[in-house]
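Chemist: Sharing a structure with you now.
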Amino acid sequence: MGEEGGLMYWRLAVLGLSVVFAVPAAAQQDPPAEEEPYVYEETIVVTASKTEQELVNAPAAISVIDAQQIAASPVANVGDLLRTVPGVNVMQASARDINITSRGATGTLATSQLALVDGRSIYLDFFGMVMWDLVPTSATDIKQMEVIRGPASAVWGANAMTGVVNVITKTPRELAADRPTTFSIGVGAFNRSVGEADEDTGMLFSVSASHAHVVNERAALKVSLSYLTQDPLPRPRGTIANAFRTPYPPYENTGTSQPKVDGRFDYELPDQGTLTLSGGFAGTEGVIHSGLGPFDIESGSNLTYLSARYNKGGRRIGFFTNLLDGNASNLLSVGADGRPIGLVFDTKTFDVDASDVATVAGRHVISYGGNFRRNTFDISLAADGDDRSEGGAYVQDEIFLSDHFRWVVGGRVDKFSSIEHAVFSPRTTLMIKPDRTQTFRVSFNRAFRAPSFINNHIRAALLNRLNLGLINPALSGVQYIFPVRAVGNPDLEEESMTAFEVGYTGTIRQRATVSAAVYWNETTDGIFFTPVGRYSAASPPPGWPLPPVVLELIAAAGSPLPSVFSYRNLGTVKDKGIELGIDAAVDQHLSVFANYSYQWLPVVEGFPLTETNHPPSNRFNTGFAYNRGRWLGNLTVSYTDDAYWQDVLDARFYGTTEAYTLVNLGGGVRWMDDRVTTSVKVTNLANQEVMQHVFGDVLKRQVVGELKVEF
């Protein structure tokens, strides 16, 4: 029907495809004079406990971006889509670089948010991050996205410390249910003028095709291909708004190109189980920001995955491998040889897992499972290490105390070869249900993030710069270059979080889902890249042009000249916040949503507040979607408060981004018996100069024209 077509249309714009053609997947004639009444359907989720359950009964705060919401979204990538979820902080730093963190400050190389595709981890253990553009899954395959807002290590293990994003795809049979073949193409342009400079317009182009086929009553398959290319976003001009007034360093910014191929084969077995075989390839290029500055990922860098799964009821047995291969060079930092720092990465991940669920005595729903994961690494910046193993197991009991009370208690134990001891992640939630459509939750969780391979093993020497004019105005503009070493720390402990939450989820008159949550998180032993050695009068850097005593004076002023950086477990960070949200269906044609999040300024112990990122205090999102007959329309408005960033290079580049409001608008028309849809979407309608990171690129107005043809 028409909504399904709109769904396919917007899905093409979800997984980083800034430009994609879109058209609703099914034909829809003008509505008859009398339409069937709207029927509200309960949302089913699987990510909260690895078992199917209604959203209102989930023991964690979870948001679902379903098919209709994806259809309605006018945004261009997965980051902007998740931006509308309460409590989720999203930052885009370049054409391809998107980072996401729940209930805390995000940043470059966001490390605490686990990401999955159909339960397959896409978290990259070597740097401890997610590269969203390396997800091979085509956007046309997405059924829904489930977002756990808060810790989830009790089920998912390491690196689900602040939350989980699980992208769930449609089966080949679901894709083939209507018109199984889709071809899309899109062309767009975006403003690149910053300040007084009048720059040329940036361009983007995308093309995609997909086909699903039901072979017989047991077998079905699908295949999809896509390609995106985009010019670089504009760089900021002038100086960073901090005490140093550091000029934004000039470097040649780059855009991105992203080829993708994905396939899946489902076979229904005689025992009523399903065997699923899938595989894909995703390539990328473009800028990724890091503590060492921006790296330019070279063309040809890619991730390949293979997966096999067996499902029968609540039972699941799976295996997957992620193979990552790429090269990058730093655009600012140079090594001791005076050449840009290079990064060559070749990593292989092999994972096997199993889980099941059982009902005991009619009052206990017990879910249990575990996994073993093996990583091999060949990383140019970490030559003294080459592998890591990890394994874990969990059990959870949902106890039905009465019609109005449920108690969830469980936990997971994980052991890493890189951590001396095993890590226990408990969970307990008391759920109070006045009726079947309302749930109040009181919960306790503990979760953790394991040190990344780079945290443990980095070995690099680089040259840093100091403007001597900051010491003596007579030397203004004179740059002194000195060496700095970066070394890993194999003795790092896990970064852990203890979290408390009081929450509510309910439905109103079968038309709206309402949610509310208050949370308190305490993170201990945070893993920070910090100076561990400094130059002094007794050991000045090579060729120091001023009297050695000056080094002691600038150290006494709070800005010592660093000689060695490393990773350390430091102090405690306390976060707290509130989240409010409503998603309502006015009827089958019109839906609306609104949500608000407030996060207090973090309270830190053991190190200065300026040594950690600060999330925006206020975030507000609202919008609507209309889908009827030939017409599609949607609007979202997102406000994000100012935020503080300190995770690129050194204190000269730390600073605050200004608050911004993004207004995104889209509309489309269906033609030729709904086989063709033409549409236009605009992001940042007001053409604000938006910076989502103090060192990141500038985002201005973008206009994309899309076309989708089905047959």
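The values are calculated or read from the model by the stated rules, or taken from the named source; none is laboratory data. Just so it is clear, the model here is predicted, and its values are computed rather than measured. Quick reminder, even Gly has a Cβ in these numbers, built from the backbone with ideal geometry, and neighbours come from all protein chains shown.
Chemist: Within segment 168-178, does at least one residue satisfy the condition of being within 27 Å of LEU685 (Cβ to Cβ) and not charged (D, E, K, R)?
Modeler: Scanning segment 168-178, I find no residue that is within 27 Å of LEU685 (Cβ to Cβ) and not charged (D, E, K, R), so the answer is no.
Chemist: Restricting attention to segment 231-241, report how many residues are in contact with a Ser or Thr (Cβ under 8 Å, 6 or more places away or on another chain) and in a loop (DSSP other than H, G, I, E, B).
Modeler: Number satisfying all stated conditions: 5.
Chemist: Just to verify a result, which residue in segment 601-646, among those that are modelled with pLDDT of 90 or more, among the charged types (D, E, K, R) and under 23 Å from ALA243 (Cβ atoms), is surrounded by the most Cβ atoms within 10 Å (Cβ to Cβ)?
Modeler: ASP641
Chemist: Here's a follow-up. Given (1) outside any helix (DSSP H, G or I); (2) β-branched (Val, Ile, Thr); (3) over 30 Å from VAL357 (Cα atoms), where does VAL409 come up short, assuming only one miss?
Modeler: For VAL409, the failing item is (3).
Chemist: Follow-up question, since we're still on this one. In segment 158-200, what residues are surrounded by fewer than 16 Cβ atoms within 10 Å (Cβ to Cβ) and in contact with a Phe, Trp or Tyr (Cβ under 7 Å, 6 or more places away or on another chain)?
Modeler: Correct list: THR181 only.
Chemist: Moving to a separate point now. Of all residues in segment 371-418, count the ones that are under 22 Å from ALA486 (Cα atoms), in contact with a Phe, Trp or Tyr (Cβ under 6 Å, 6 or more places away or on another chain) and free of Cβ contacts under 8 Å to residues at least 40 places away in the same chain.
Modeler: Total meeting the criteria: 1.
Every residue, every condition in (1) in contact with a Gly (Cβ under 8 Å, 6 or more places away or on another chain); (2) closer than 20 Å to ILE122 by Cα; (3) of a type in the set (Gly, Ala, Ser), yes or no:
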{"site": "SER329", "(1), (2), (3)": "yes, no, yes"}
{"site": "LEU332", "(1), (2), (3)": "yes, no, no"}
{"site": "SER367", "(1), (2), (3)": "yes, no, yes"}
{"site": "ALA383", "(1), (2), (3)": "no, no, yes"}
{"site": "GLY391", "(1), (2), (3)": "yes, yes, yes"}
{"site": "LEU401", "(1), (2), (3)": "no, no, no"}
{"site": "GLY410", "(1), (2), (3)": "no, no, yes"}
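Chemist: Quick one: is THR359 in contact (Cβ under 8 Å) with a residue 60 or more places away in the chain, among the hydroxyl-bearing types (Ser, Thr, Tyr) and on the phi < 0 side of the Ramachandran plot?
Modeler: Judged against the criteria, THR359 is not a match.
Chemist: Quickly run through segment 373-392 and pick out the residues that are loosely packed, with under 15 Cβ neighbours inside 10 Å, part of a loop (DSSP other than H, G, I, E, B) and among the small types (Gly, Ala, Ser).
Modeler: ALA383
Chemist: Looking at (1) within 23 Å of the chain's Cα centre (by Cα); (2) at pLDDT below 95; (3) among the small types (Gly, Ala, Ser), which is the only condition SER307 fails?
Modeler: (2)
Chemist: Could I ask something else about it? Among the residues of segment 171-191, is there at least one that is farther than 24 Å from VAL676 by Cα and touching a residue at least 12 places away in the same chain (Cβ under 8 Å)?
Modeler: Yes, some residue in segment 171-191 is farther than 24 Å from VAL676 by Cα and touching a residue at least 12 places away in the same chain (Cβ under 8 Å).
Chemist: Among the helices (runs of 4 or more DSSP H) contained in segment 1-99, which hold 1 or more residues that are in contact with a Gly (Cβ under 8 Å, 6 or more places away or on another chain) and modelled with pLDDT of 55 or more?
Modeler: By residue number, 67-72, 78-82.
Chemist: Restricting attention to segment 492-541, which residues are within 21 Å of the chain's Cα centre (by Cα) and β-branched (Val, Ile, Thr)?
Modeler: Residues satisfying the conditions are THR523, ILE527.
Chemist: Any idea which of THR276, THR284, THR321 is under 22 Å from SER367 (Cβ atoms), touching a strand residue (DSSP E or B) at 6+ places or on another chain (Cβ under 8 Å) and assigned to a strand (DSSP E or B)?
Modeler: Exactly one residue qualifies, and that residue is THR276.
Chemist: Still on this model: If I go through segment 481-532 residue by residue, how many of them are charged (D, E, K, R), under 28 Å from PRO562 (Cβ atoms) and surrounded by fewer than 21 Cβ atoms within 10 Å (Cβ to Cβ)?
Modeler: 4
Chemist: Look through segment 158-197, keep the residues that are β-branched (Val, Ile, Thr) and in a loop (DSSP other than H, G, I, E, B), and return whichever of them is nearest to LEU81 (Cα to Cα).
Modeler: My answer is THR162.
Chemist: Does ARG441 satisfy the criteria of being out of contact with any Lys or Arg (no Cβ under 8 Å at 6 or more places or on another chain) and more than 27 Å from ARG373 (Cβ to Cβ)?
Modeler: yes
Chemist: Using the structure shown, decide if THR359 is of a type in the set (Ser, Thr, Tyr), farther than 20 Å from SER496 by Cβ and over 24 Å from the mean Cα position of the chain (by Cα).
Modeler: Yes.
Chemist: Sticking with this one: If you take the residues in segment 222-244 that are out of contact with any Leu (no Cβ under 9 Å at 6 or more places or on another chain), touching a residue at least 12 places away in the same chain (Cβ under 8 Å) and aliphatic (A, V, I, L, M), which one is farthest from ALA659 (Cα to Cα)?
Modeler: VAL223
Chemist: Also: What is the residue count in segment 294-323 for residues that are in contact with a helix residue (DSSP H, G or I) (Cβ under 8 Å, 6 or more places away or on another chain) and aliphatic (A, V, I, L, M)?
Modeler: 1
Chemist: Another question, if that's okay. Look through segment 649-708, keep the residues that are in a loop (DSSP other than H, G, I, E, B) and without any contact (Cβ under 8 Å) to a residue 40 or more places away in the chain, and return whichever of them is surrounded by the most Cβ atoms within 10 Å (Cβ to Cβ).
Modeler: Filtering segment 649-708 for residues that are in a loop (DSSP other than H, G, I, E, B) and without any contact (Cβ under 8 Å) to a residue 40 or more places away in the chain, the one surrounded by the most Cβ atoms within 10 Å (Cβ to Cβ) comes out as ASN684.
Chemist: Still on this model: Within the set of pairs 6+ apart or on separate chains, which have a first residue in segment 613-634 that is within 30 Å of GLY526 (Cα to Cα), a second that is at pLDDT below 90 and hydrophobic (A, V, I, L, M, F, W, C), and C-beta atoms under 9 Å apart?
Modeler: From segment 613-634, no pairs qualify.
Chemist: Pick from segment 249-268 the residues that are touching a residue at least 24 places away in the same chain (Cβ under 8 Å) and in a loop (DSSP other than H, G, I, E, B): which of them is farthest from LEU306 (Cα to Cα)?
Modeler: PRO249
Chemist: What do you reckon, is THR201 modelled with pLDDT of 90 or more and farther than 23 Å from THR274 by Cα?
Modeler: Spelling it out, THR201 is indeed modelled with pLDDT of 90 or more and farther than 23 Å from THR274 by Cα.
Chemist: I would also like to ask the following. Please go through (1) assigned to a strand (DSSP E or B); (2) more than 14 Å from ASN445 (Cβ to Cβ) for ALA499 and return the number of the only condition it doesn't satisfy.
Modeler: The one condition ALA499 does not meet is (2).
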